[in-house]
Amino acid sequence: MAYKKKTTHKIFGKLDLAAHVTNGMCSHCHNESMFISLTSDVYRCVTCGSDCRQRINGKISYLPIGYNHLGPDVQG
């Protein structure tokens, strides 16, 4: 009788995730909301679901990704 050895392969190895949760004003839905981030630069508003980048320049603000923070008339 032959027995087949059961093998398991780890696809991701040791996966270590840590979510960062913070409060702020969402510039997309204009509500005071919580933001959740799994990466260091992209945050998601839990109220409207928009992805934002955190900007720290004297105050912490969250700008929608793809938004030109210099203004609509300035090309950068």
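The values are calculated or read from the model by the stated rules, or taken from the named source; none is laboratory data. Owing to the predicted nature of the structure, the values given are computational and were not obtained by experimental measurement. For neighbour counting, all protein chains shown are included, and Cβ atoms are generated from backbone atoms with ideal geometry for every residue, glycine included.
Quick notes on this structure:
- In the range 1-33, the residue that is modelled with the highest pLDDT out of those that are under 21 Å from the mean Cα position of the chain (by Cα), loosely packed, with under 10 Cβ neighbours inside 10 Å and among the hydrophobic types (A, V, I, L, M, F, W, C) is Ala19.
- Residue in the range 66-76 that is touching a Lys or Arg at 6+ places or on another chain (Cβ under 8 Å), at pLDDT 80 or above and either surrounded by 10 or more Cβ atoms within 10 Å (Cβ to Cβ) or outside any loop (DSSP other than H, G, I, E, B) (or both) present: no
- Strands (runs of 3 or more DSSP E) (entirely within the range 11-51) containing at least 1 residues that are over 11 Å from Tyr62 (Cβ atoms): 20-25, 32-37
- First in the range 25-54 and closer than 10 Å to Ile65 by Cα and without any contact (Cβ under 8 Å) to a residue 60 or more places away in the chain, second anywhere and surrounded by 13 or more Cβ atoms within 10 Å (Cβ to Cβ) and of a type in the set (Lys, Arg), Cβ under 8 Å, 6 or more apart: Val42/Arg53; Tyr43/Arg53; Ser50/Arg44; Asp51/Arg44; Cys52/Arg44
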